[in-house]
Each structure stands twice: as structure tokens, then as C-alpha cells.
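Heads up: the structure comes next, in C-alpha cells.
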Amino acid sequence: MARSKGKMSREEAGRLGGQATSKNHGKEFYQEIGSKGGLATSKLHDREFYQEIGQKGGTSTAESHDKEFYREIGRKGGQSRSSK
């Protein structure tokens with residue numbers, strides 16, 4: 001990363017901060033903050049919000065994958081469900 005006048009870019013600072021955080025915290029830390037973020041988001045948004053972002057995600061995935069992709073993930077999902 002190129003520095004101008006010895007200063008670190010925001011991108012580089014963020015990357016280094018993320019690396020330091022990952023060295024100091026384990027998987028449970030990330031699960032906890034993810035859960036807290038999910039709860040906070042659910043308090044701010046209604047069902048329509050989730051429907052809209054789900055639709056956008058589905059559309060984006062459909063545009064970038066072919067039918068074989070969906071067959072494969074369907075098989076994998078069926079296998080994991082039948083093993084429970």
C-alpha cells in the first residue's frame with residue numbers, strides 16, 4: 001500500500017486493525033458481535049426490508065450461477081437434512 005508523506009491510508013489501517021483483532025479474539029467473539037448486529041438490525045427494520053434484501057440477493061445469485069449450481073446446492077442441502 002502506498003503511503004503519502006508517511007501516513008497510512010484508511011484502507012490499510014482498517015486491514016491492519018482487522019488483522020490485530022483476529023489475533024486477539026476467537027470465533028466466539030465474531031459470533032457474538034454478529035448476533036448483536038443482527039438483533040440491532042431486526043429492531044430497525046421490518047419484514048419488508050428482509051424480503052427486499054432477500055429478493056436482491058436471490059436475483060444477484062441467479063444472474064451469476066447456472067442451473068447446475070442450484071442442483072448441486074440442492075443435493076448438498078438434502079444430504080445434510082437427511083443426516084440429522
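Every number here is computed from the coordinates shown, using simple stated rules; none is lab data. Keep in mind it's a predicted model, so treat the numbers as computed, not measured. Positions of Cβ are backbone-derived with ideal geometry, glycine not excepted, and every protein chain shown enters the neighbour counts.
Within the range 1-79, considering only helices (runs of 4 or more DSSP H) that don't extend past its boundaries, which have at least 1 residues that are surrounded by 11 or more Cβ atoms within 10 Å (Cβ to Cβ) and in contact with a Lys or Arg (Cβ under 8 Å, 6 or more places away or on another chain)? Spell out how you get there, then give the answer.
Details: elements: 10-24, 27-44, 47-64.
Per the criteria, 10-24.
Residue by residue, here is whether (1) out of contact with any His (no Cβ under 6 Å at 6 or more places or on another chain); (2) of a type in the set (A, V, I, L, M, F, W, C); (3) at positive phi holds:
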| residue | (1), (2), (3) |
| --- | --- |
| G6 | yes, no, yes |
| E11 | yes, no, no |
| G14 | yes, no, no |
| G18 | yes, no, no |
| N24 | yes, no, no |
| I33 | yes, yes, no |
| F69 | yes, yes, no |
| I73 | yes, yes, no |
| S80 | yes, no, no |
